[in-house]
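Comments concern the structure below.
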Amino acid sequence: MTGQKSKYTLLVVDDSEMNRAILAEILADYNIVEAKDGREAIETLKKRRDTISLVLLDYVMPVMNGFEVLKKMKRAGMTEDIPVIMISSENSPSYVQQAFELGVIDFISRPFDALLVQHRVANTLQLYTKQKKLARMVEDQIVQRERQSSAMVHILSNIVEFRNGESGMHVLNIQSLVKILLTRFLKKIRTHAFRSEDIDCICMASCLHDIGKIAIPSSILNKPGKLTPEEYEIMKTHSAIGADMLSRLPLMQDNHLLKVAADICRWHHERFDGKGYPDGLKGDEIPISAQVVSLADVYDALTSKRVYKDAIPHDKAVRMILDGECGAFNPKLLDCLKEVADDLPSLLEITAKSLVAERTPQADARTLLRRTGIQSQEHALNLLERERTRSDYLDAMTEEVEFEYTLDPPTVRMSSWAAEYTGWGESFTIEQDGKKMICGMTPDEFFKLSNKIKNTTPENPAIDHECRINVNGRSIWARIVARSLWSDDDPPRYKGVIGKMMNIDAMKSLIETLEYRATHDSLTGVLTRAAAEEKIKTRLKGTKTKKAFIMLDLDYFKQINDSYGHAFGDTILKRIADKLNASVHGERDIVARVGGDEFFIYLENYKDNLDAIAGRIFNAVTDESEEFRLSVSMGIAEYDALLFKDPEQLFLAADRALYTAKQTGRGKYLFYDSSMEHTFSNISRIADKNLGENE
């Protein structure tokens, strides 16, 4: 105990040398520093603020009394970090109230009771040590919360960058230039609708401007040469796809950041003269957030190396933008670009460093801590209860469970809130639940976690593990961050584990949702063409099973929309998708929507005759028992490794068979044969949407 106490330094402030000597004797286990008056005490605190653990302060002193010392300590913020125990015989209510208001934590009366003094000092130090630990926890939580949205946005944007073959600096460059331009723009146009605090929101939302590219095939996304007109049309869909993905998230309605991001996603390729896409907006019809991201995106694309081009020098890039070679932009934003052009490279570097610094958990930690409102002036009797309340509140808010596992006995312990949250109890042994679920995990998952812990060492004690767990009958994704504990023996002995279990179900669900939105058609729920082709490419390699493509197109769909309305047309498309899904084997076959009223089916390892399968699908879609009889045309092509070298050729063959069926009467299905080789001059009707408009 003496060794533990010696790490604390106490400042004894009393004009009586005898009183200082008595207290020094009573508290001999601590490091004692003395001051004979208030002025000397303040000077000592200024020099040794970081090392003083507690102040024992007399009230009646020459030069500066105890209350004056407290006022100076409070103004300097010292009472937030250093507890003060008042030494006084005075106990009137007004005196006591003023002392507490100035930051006193407790009182010690003269004559001194040695045992009482020792207990008061020990309890106060223990409470303040715990409070400082709690303050660090709160600080970490605030920093973490302020950056959780940022982290999620950057994770998603980096996924897109990785697929797009761009450098990790692209998103950071966009953010930096957006901040520079908007800051300048706001100074010039003070009457504009957005405020200075909106700049940070737009900067963060800009990270997601290309999230829709997650749905673009990598063969187009990373093509080293110039895109064909057909490929460019596919590439252009990323803006609408990104906006659609974000707008359909459940939390979209109440999340301003996501709303701004959706605007940027959809309209960052619009141009001020109305010649952009996807909606041809003009002038201030385009939100300023999308306008500035558009300009920043063009500048970074010009000045960065890509798979299809080299980087263009800064001066040339600025000149191209100002001369209108990259499309029309808001003249006021162009003025801002002109004003910063000479210093832009250095400004970008400075702004980027600032943005990175803002993301670090250590950034301005003291300021964040002050924002929490934690005060050190609370009475000692309330501190412990407040600490417990805060701890339970933080656990409940973050759904983070702190736990401790001891080896002897093999017991897990956690807080009362954590016990209620998990349904596991505050204390339990591992063996009691070993047959079915161990700590809410399956035995296999627990075995994986145990192996990670067994492989820790005193030098490398940390583990990080993600798995599904069961909390009160609910299965969630959790991240377990833990540290093994070791004795001071030689060699060290393993003693147990301390750790934290965090609910990451929302993050996992968000990623899964975005992946689903990126790969599935929003109306019918079947795969998009791009997502289906990615799967099929893998399927066609290295297998000798039967494979076939079926292309399907509704006859007279334009007339259906014109006669009954688009809502009815959407209902028809959904019904067809449902029937196609019901007609195939979901585990091995693929149904996808090409676009408009066109679908395709990929069949694999089928046992029935292909003609019989095609007839069954055709009859299911055109079922006469339905109130509204549909007419469809189908084209079928069976895979032959000698004829078809890649999925696109097989796809094209089925498409030619479909087109032949439509040319020769519609309402039927045909199999591809060599006579169809030159149908419509080898140009896919699917790629040319104009051909489909007249059918």
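Computed from the coordinates by the stated procedures, all read-outs in this text should not be read as laboratory data. None of these values were measured; they are calculated from a predicted model. Here Cβ is always computed from backbone atoms with ideal geometry, including for glycine, and neighbour counts include all displayed protein chains.
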Determine which lysines satisfy two conditions relative to residue 132: a Cα distance under 19 Å, and not lying fewer than 8 residues away in the same chain.
5, 7, 74
For the range 2-135, the spread of Cα positions along each principal axis, largest first, Å
36, 33, 29
Once phi is turned into θ = phi - 60°, what whole-Hz ³J(HN,Hα) does the Karplus curve with 6.51, -1.76 and 1.60 give for every residue of the range 332-344, x standing for Gly and Pro?
5, 5, 5, 4, 4, 4, 4, 5, 9, 4, 4, 9, 4
Counting other Cβ atoms within 10 Å of each Cβ, which GluC sites (Glu not before Pro) in the range 493-596 have at most 13 and sit in a DSSP loop?
587
DSSP-loop chymotrypsin sites (Phe, Trp or Tyr not before Pro) across the range 274-338, with at most 16 other Cβ within 10 angstrom:
308
Would you kindly calculate the translational diffusion coefficient of the range 225-296, applying Stokes-Einstein with the Kirkwood radius from alpha carbon pairs, for 10 °C and a viscosity of 1.306 mPa s, and quote it in µm² s⁻¹ without decimals?
124
Which shape class, rounded, prolate or oblate, goes with the range 510-661 when its Cα gyration tensor gives a ≥ b ≥ c as root eigenvalues, a/c under 1.5 marks rounded, and past that a/b bigger than b/c marks prolate?
oblate
Over 30 Å between Cα atoms, which of 223/452; 188/236; 223/662; 47/130 qualify?
223/452; 188/236; 223/662
How many lysine pairs in the range 477-558, separated by 8 or more positions in sequence or lying on different chains, have Cα atoms less than 21 Å apart?
6
For the range 531-599, listing trypsin sites (Lys or Arg not before Pro) in a DSSP loop whose Cβ sees at most 11 other Cβ atoms within 10 Å gives 541, 544
If you build the convex hull over the alpha carbons only and average its shadow over all orientations, what do you get for the range 165-359? Give it in nm² to one decimal.
11.0
